[in-house]
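Quick notes on the structure that follows.
Since every read-out is calculated from the coordinates, none of them should be taken as a lab result. Note that the coordinates shown come from a computational prediction; the quantities given were computed from them, not determined experimentally. Every residue, glycine among them, receives a Cβ derived from its backbone with ideal geometry; neighbour counts consider all protein chains shown.
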Amino acid sequence: MSTKTQWQAVCKVEDLIADSGIAVWTPAGPVAIFYLPQQIPALFAVGHFDPFSNANVIARGITGDLGGEPVVASPIYKQHFSLRTGVCLEDDSVRIPSYSVLLDGDSVLLEVPVENRSEAVA
């Protein structure tokens, strides 16, 4: 069974905060959107749930760059997650989901999985 996706508008450009994150709700659950204007690309999206603290806190983490990799440090125990891949830099066996994100006019779009109801009922 393949996972189907769709692009969903999750916020507006004016909702973004430079060098910081915001949390949005999606069919896949809470997602953290980061706007890093000095990076190319400038938008990143990863899961908002921190697997180390078991809390939805990633959007409140501190952004930075470790060895050329854009990262967010969890605000609880400070593990660094790649904003490109979601992999934890301190423990590469742990990762948070990463999502494709883009700007369409003044809307931020996120590619999220959608449930195929006909397959789910079977």
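Just one residue in the set Ala23, Ala32, Ala9, Ala45 is touching a Gly at 6+ places or on another chain (Cβ under 6 Å), within 17 Å of Val112 (Cβ to Cβ) and not in a loop (DSSP other than H, G, I, E, B); that residue is Ala32. Figure legend. Inter-residue proximity from the stretch 93-104: first residues touching a residue at least 24 places away in the same chain (Cβ under 8 Å), second residues in a loop (DSSP other than H, G, I, E, B) and of a type in the set (A, V, I, L, M, F, W, C), beta-carbon distance below 9 Å, spacing 6+ or different chains. Indicated pairs: Val94/Phe52; Pro97/Ala28; Ser98/Leu83; Tyr99/Ala28; Leu103/Ala42.
For the stretch 6-35, a residue qualifies if it is more than 17 Å from Asp104 (Cα to Cα), polar (S, T, N, Q) and out of contact with any Leu (no Cβ under 8 Å at 6 or more places or on another chain), and exactly one does: Ser20. Of all residues in the stretch 50-58, at least one satisfies being in a loop (DSSP other than H, G, I, E, B) and in contact with a strand residue (DSSP E or B) (Cβ under 6 Å, 6 or more places away or on another chain). Checking Val72, Val57 one by one, the residue that is in contact with a Leu (Cβ under 8 Å, 6 or more places away or on another chain), among the β-branched types (Val, Ile, Thr) and surrounded by 15 or more Cβ atoms within 10 Å (Cβ to Cβ) is Val72 and no other. Might you check whether a residue that is touching a His at 6+ places or on another chain (Cβ under 9 Å) and either surrounded by 17 or more Cβ atoms within 10 Å (Cβ to Cβ) or without any contact (Cβ under 8 Å) to a residue 40 or more places away in the chain (or both) occurs anywhere in the stretch 5-22? Within the stretch 5-22, one or more residues are touching a His at 6+ places or on another chain (Cβ under 9 Å) and either surrounded by 17 or more Cβ atoms within 10 Å (Cβ to Cβ) or without any contact (Cβ under 8 Å) to a residue 40 or more places away in the chain (or both). Do we have any residue at all in the stretch 79-97 that's among the aromatic types (Phe, Trp, Tyr) and touching a Leu at 6+ places or on another chain (Cβ under 6 Å)? No - not one qualifying residue is present in the stretch 79-97.
Filtering Pro37, Pro70, Pro75 for residues that are part of a loop (DSSP other than H, G, I, E, B), without any contact (Cβ under 8 Å) to a residue 60 or more places away in the chain and under 20 Å from Val13 (Cβ atoms) leaves a single hit, Pro37.
In the stretch 50-62, the residues that are under 9 Å from Val72 (Cβ atoms) reach residues that are of a type in the set (Phe, Trp, Tyr) with C-beta atoms within less than 9 angstrom, at least six apart or across chains, in these pairs: Ile58/Phe49; Ile58/Phe81; Ala59/Phe34; Gly61/Phe34; Gly61/Phe81.
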